[in-house]
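Below: the structure, in structure tokens.
FYI, it's all coordinate maths here, none of it is from the lab. These numbers were taken from a predicted model, which means no experiment stands behind them. Every residue, glycine as well, gets a Cβ built from its backbone with ideal geometry; the counts of neighbours run over all protein chains shown.
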Amino acid sequence: MGLATAGAIIGRIERLPSTFWHVKVRAIVGTATFFDGFDAVAIAFVLPALIGLWHLQPSEIGLLLSSGFAGQLIGAPLFGWLAERYGRIRVLNWTILILSVFGLACAFAWSYWSLAAFRFIQGLGLGGEIPVAATFVSEISKAERRGRFVLLYQLLLPLGFMAASLSSIVIVPNLGWQWMFIVGAAPAFLTIYLRRLVPESPRWLARHGDLTKADQIMTDIETIVERESGRPLPPVTKTVDSQSSSGHWTKLFEGIYLRRTITVWIMWFCAATIGYGLLVWLPTIFRTVYKLPLQEALIYSSLSNVTVLISGLCAAFLVDRIGRRPVFVVAFLFGGLPLFILWLIGKEASASTVMLMAATAASMISMVQLGIWTYTPELYPTSIRSFGTGTASAWARAASIVAPNMVAFIITRTDISAIFLMFALAGVIGALAVLLCPVETKGKLLEEISP
């Protein structure tokens, strides 16, 4: 038996060197996150085919896009709350089962309304999976490189976006739109078994008083890490007092957490307004406004997803060097700038110009969308970390409902340039929100940031 106090458990996590065990755990957890990303945007790439097949109007397109995000809006705080009560890993399995089963059901949708219903239920799992997974990954990482550790895991989400966009170029025109959902759903079932290889969060167990189990898990991890590193572990030098704070949801709005909560809610909403608003509408805009052939519209849309992955890698190495907040401010401002330029150009902008500017904006905003998964769990104590992260990410789902419908509303009443102005203003508001929260979390223990 090792040191088995709550503070010592945290110290034992902090002393672990990075080894293959950490990579393996991130890869296993990230498998579900990859397919979460794939499934979340698959609808955007089947819509150009469904528009002609089901004779969809802009308002119907917006509603269909929003149905999945409506499920995510509920699923994110719901499963975040459940993860506080029943554990991170158990709840992750529940979310994977939901997103897999109903993702497959989408492939057998027989009408517009059946697809919308299945997307809504699938959205419950899609919304719940990532906040709980991000919380878990944050809790097993050490303070020194936590930003990079979490962000490298989180890159699997845009990798899923990119996989969906690139595979759609082949799948949708040749195999049919149903296969996008089949491909997205089938591999996710594997993660239900793979999760057995991932232990429960020792931080969560210690917070709930199960020190024996936490100690057992830490002992097993230490044995593996010691064997993989080939040298004895350093002594435990960092210990903190056990967090005894209440886990009631009202703590989100108490004391130091009120400003943090307001800040991250605005950040989530603004980043998702730009990121998801562009991502889900670009294929349809290229197809309907610029009259591009289906395959060419999908190719144009794919560029944004490729640049998102590149900028995400840059963010992974910047957040632990210059800090979270500077990265967020720059990303918001320079994400909004190319969209402001598109507004100035107006309807004279060519499809290629829109493609390049949208890709630039998406790449910058992705730094926020990925980095905020690191930042949000850091701002809350273990007792409400998963719920706080889930509730904050729910604002991204809210934006993902509002933005597509706003685009549908604008596109039927004015020219496309007004859409880009809306997105540009969201970037400015997001940057201002970051400046409202003075908390920099780089290199600090989770318990030091959120007592």
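Could you work out the helix-only [θ] at 222 nm for the chain, with each DSSP H run of four or more residues adding -39,500 (n - 2.57) and the total divided by the number of residues, to the nearest 500 deg cm²/dmol?
-26000 deg cm²/dmol
Please identify the DSSP H helices in the chain that span no less than 15 Å along the helix axis (Cα) and have a mean Kyte-Doolittle hydropathy of 0.5 or more.
Answer set is 20-54, 58-86, 88-107, 112-139, 156-174, 257-288, 294-318, 324-345, 351-378, 385-411, 417-436.
Quick check for me: using +1 on Lys/Arg Cβ and -1 on Asp/Glu Cβ, what's the dipole size of the chain about its Cα centre, in debye to the nearest 20?
For this selection, approximately 340 debye.
Using the charge dipole of region 325-451 (Lys, Arg: +1 at Cβ; Asp, Glu: -1 at Cβ; taken about the Cα centre), state which of 329, 349, 403 has its Cα farthest towards the positive end.
The one lying farthest along the dipole's positive direction is 403.
Just to confirm my numbers, what's the Cα centroid distance between region 12-45 and region 333-367 in Å?
First find each Cα centre; the distance between them is then 30 Å.
What lysines does residue 291 reach when the alpha-carbon gap must be under 30 Å and sequence neighbours fewer than 8 apart in one chain are set aside?
Candidates past the 8-residue exclusion: 347.
Taking trypsin sites (Lys or Arg not before Pro) as candidate sites, keep only those in a DSSP loop with at most 12 other Cβ atoms within 10 Å, then name the longest stretch of the chain containing none of them.
So the longest stretch without any such site is 1-290.
As a quick test, which of the pairs 24/142; 213/442; 142/444 have an alpha carbon distance above 20 angstrom in this structure?
Too far apart for the 20 Å limit: 213/442.
Quick check: pseudo-label points 7 Å beyond the Cα along Cα→Cβ at residue 350 and residue 196, how many nm apart are they?
Label at residue 350, label at residue 196, 5.7 nm between them.
Which entry in [x] 5, 22, 32, 24, 12, 4, 1, 0; [y] 4, 17, 25, 25, 17, 8, 3, 0; [z] 4, 19, 31, 29, 14, 3, 0 matches P(r) over Cα pairs in 10 Å bins from 0, in percent derived from the coordinates of this structure?
[x]
Under 15 Å from a point placed 7 Å out from the Cα of residue 57 along the Cα-to-Cβ direction: which residues of region 388-414 have their backbone N that close?
It comes to 408-413, nothing else.
Roughly how many nanometres apart are two label points built 7 Å out from the Cα toward the Cβ at residue 15 and residue 145?
The two pseudo-label positions are separated by 1.9 nm.
Give me 281, 110, 179 sorted ascending by neighbouring Cβ count inside 10 Å, so fewest comes first.
Result, fewest neighbours first: 110, 179, 281.
Round to a whole angstrom and tell me the spacing of the C-alpha centers of region 376-400 and region 140-214.
Rounded to whole Å, the Cα centres lie 17 Å apart.
I need the calculated FRET efficiency for the pair residue 440 and residue 210, taking r as the beta carbon distance and R₀ as 35 Å, to the nearest 0.05.
Step by step, r from the Cβ atoms, then E = 0.60.
Can you pull the one-decimal nm distance between simple spin-label points at residue 97 and residue 166, each 7 Å off the Cα toward Cβ?
Computed distance between label sites residue 97 and residue 166 equals 3.3 nm.
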